[in-house]
Amino acid sequence: MRPSAIAGYEDWPGYVRNRPRHQAATPAAQDLADALGVPAALPQPDVTVHWEETYDGVTTSELSWQLGFGPRTAGWLMRPAGASGPLPGVLALHCHGGNKFGGADRLVELPQSHPSAAAARAGHYDGRALATEVARAGFAVLAHDTFAWGSRRFDLSVPPWRTASALEARKSQWREDGVEPTDADLYNAAAGFHEDTVAKAAGLLGTSLAGMVAHDDLAALDILGSLPGVDPARLGCIGFSGGGGRSLTLAALSPRIKSYVVTCMMATFGSLLPAYLDAHSWLLQTPGLWKLGDWPELTARSGADGFLVQYALADQLFPEEGMRDAHRILESIHPAGSYTGSLWPGGHVFTAEMQNEAISYLSRALGAGSPAVHHSTRSTN
């Protein structure tokens, strides 16, 4: 019997076909929503709290909710222990990272972390749990698995034919190299090949991988804004790499975002062609998106009060010229004080110093009490 190409998501096509499109607040935001094919989320789902624990000054709760198709979403809410009164809220958006086995768990300090989450923190976040660090600075932070990641991943236990063929080739290479892959390694290899199939299905349905991810992110933002102890008038988001792209998109699609951070995810589209195209996933490269404007120009579709973009000048995924061009574009299209750009040395990593800068920025913008942090010297022009 031919295996399902969208196992675990057989109800996805019906959901998208029967849902209206997301209704944005402005024509500019609506154009982006339509280009990505973002379905309107169902009315706010019921949220289940599974456990709550306080450790090292932060209270963490595991939550879950059902979005109406596919598997149930897992998320974690973090806030300073003993906090009283409404706190500003931040949605912490995990990266792509070639790791779909896990999702937001890479951002959260948990009693027990899966090795894949620990590896993602070590490789991309300087060993830190980003969402927990943001909460420690005086925020209520929600970190959730988005479409195709973690709890929302596809079931690839019996991969579809094209994915299975590519996976067998990878297994053969591992055997030749004497590598014993973990369950996470096997899943992530399969998911890397399967992303083309997901993008193909999304395109057929009139949406996109980025559009489905935005659907899940918009739903999570509504949940965050409705939680007790969260000030719905002071909401922001933060993300590194693919999470930075999600941060930009969410800020453009929702007027609820007042301030946001994009880290290691900013360059001109033109600079990616031809040599950097394969460095990026379908999460960035939605067909036809460039017709709306260059990637930095899409920030003008947001009504946020301000945003920070952090560039790593030795980033392996973006040419330096493309990042500097994006920086110049952003300075030219945004009023003084609304856009902040900082250029850092180093590669595609959200370093501790960069995280400190981002947290301080959100603290000032959203009015959170934050302890003193120390920054490394870096260029700001």
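List of remarks:
- Qualifying residue in the range 237-253 (condition: under 10 Å from the mean Cα position of the chain (by Cα), aliphatic (A, V, I, L, M) and over 21 Å from HIS124 (Cα atoms)): yes
- Residue that is surrounded by the fewest Cβ atoms within 10 Å (Cβ to Cβ), among those in the range 70-83 that are in contact (Cβ under 8 Å) with a residue 60 or more places away in the chain and more than 23 Å from ASN188 (Cβ to Cβ): ALA83
- Going through (1) in contact (Cβ under 8 Å) with a residue 24 or more places away in the chain; (2) outside any loop (DSSP other than H, G, I, E, B) one by one, HIS50 falls short only on (1).
- Note on the range 139-163: among residues that are within 30 Å of ALA233 (Cβ to Cβ) and in a helix (DSSP H, G or I), the one that is most open to solvent (accessible area, probe 1.4 Å) is SER151.
- Test: residue in the range 60-72 that is at positive phi, within 19 Å of the chain's Cα centre (by Cα) and outside any helix (DSSP H, G or I): yes
- Filtering the range 125-151 to residues that are farther than 30 Å from GLY85 by Cβ and touching a Gly at 6+ places or on another chain (Cβ under 6 Å) leaves TRP149, GLY150.
- Breaking point among (1) in a helix (DSSP H, G or I); (2) within 27 Å of LEU36 (Cα to Cα); (3) among the polar types (S, T, N, Q), for GLN173: (2)
- Hey, GLY225 closer than 11 Å to GLY89 by Cβ and in a helix (DSSP H, G or I) or not: yes
- Taking the listed residues ASP278, ASP325, ASP305, the one that is loosely packed, with under 15 Cβ neighbours inside 10 Å, within 24 Å of GLN355 (Cα to Cα) and not hydrophobic (A, V, I, L, M, F, W, C) is ASP305, with no other qualifying.
The values are calculated or read from the model by the stated rules, or taken from the named source; none is laboratory data. What you are looking at is a predicted structure, and each value in this text was computed from that prediction instead of being measured. All Cβ positions, even for glycine, are placed from backbone atoms using ideal geometry, and neighbour counts span all protein chains on display. To get the accessible areas, we keep the full protein, side chains included, count just its heavy atoms, and leave off ligands, DNA and RNA. Shrake-Rupley method; radii C 1.70, N 1.55, O 1.52, S 1.80 Å.
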